[in-house]
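Beneath this line is the structure, given in structure tokens, with notes to follow.
The values are calculated or read from the model by the stated rules, or taken from the named source; none is laboratory data. Fair warning: this is a prediction, and the values are worked out from it, not measured in the lab. Please note: Cβ atoms are built from the backbone with ideal geometry, for glycine as well, and neighbour counts cover all protein chains shown. For the accessible areas, the whole protein counts, side chains as well, though only heavy atoms, and no ligand, DNA or RNA atoms are used. Shrake-Rupley method; radii C 1.70, N 1.55, O 1.52, S 1.80 Å.
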Amino acid sequence: MAVYEKFDQFIEDAFEGVHNLQSDTLKVMLTNVAPVAGNSVLADLTEIAAGNGYTAGGATVAQSLSEQVGGTYKLVIADPTFTAAGGSIGPFQYAVLYNDTPTSPADPLIAWWDYGTSITITNGNSFTVDLDQVNGVFTAA
């Protein structure tokens, strides 16, 4: 199971109006270089090379649920799947969620998942970033 971590800057960005998680374009990108909580924008990270079915910037994910109930906010997003075609994708160890909509700051980071070891998706195979469809990516109360 992947370990979830949030970027520290996301908390400030959320409260200062950088994100509209209900309507902004969210993406998941892959990296083999460990993110750190102090990273704040996509440019702080080293993405894996595009090609063989992996698009630079990663995969766009749909928001399934973005709501507040009883003072607790929850964000649920669809699981992105990466499929290798014409060669392998990776290696990567981390899947990173970021917001592709804001321009200032550009591409602010939200969270990442650490898979504990490098993964390579071989030609013809797929990898799904399995996100919690019940409890969401995160809750805030």
What number of residues within the range 15-42 are surrounded by fewer than 17 Cβ atoms within 10 Å (Cβ to Cβ) and not in a loop (DSSP other than H, G, I, E, B)? 1
Single residue of Gly124, Gly51 found to be farther than 28 Å from Glu12 by Cβ, surrounded by fewer than 13 Cβ atoms within 10 Å (Cβ to Cβ) and modelled with pLDDT of 95 or more: Gly124
Looking at Ile77, Ile119 in this structure, which one is in contact with a strand residue (DSSP E or B) (Cβ under 8 Å, 6 or more places away or on another chain), touching a residue at least 24 places away in the same chain (Cβ under 8 Å), under 22 Å from Val3 (Cα atoms) and crowded, with 18+ Cβ neighbours inside 10 Å? Ile77
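With respect to Ala84, determine if the residue is farther than 14 Å from Gln22 by Cα, of a type in the set (A, V, I, L, M, F, W, C), open to solvent by 60 Å² or more (accessible area, probe 1.4 Å) and over 16 Å from the mean Cα position of the chain (by Cα).
no
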Hits in the range 1-14 (condition: open to solvent by 30 Å² or more (accessible area, probe 1.4 Å) and part of a helix (DSSP H, G or I)): Asp8, Gln9, Ile11, Glu12, Ala14
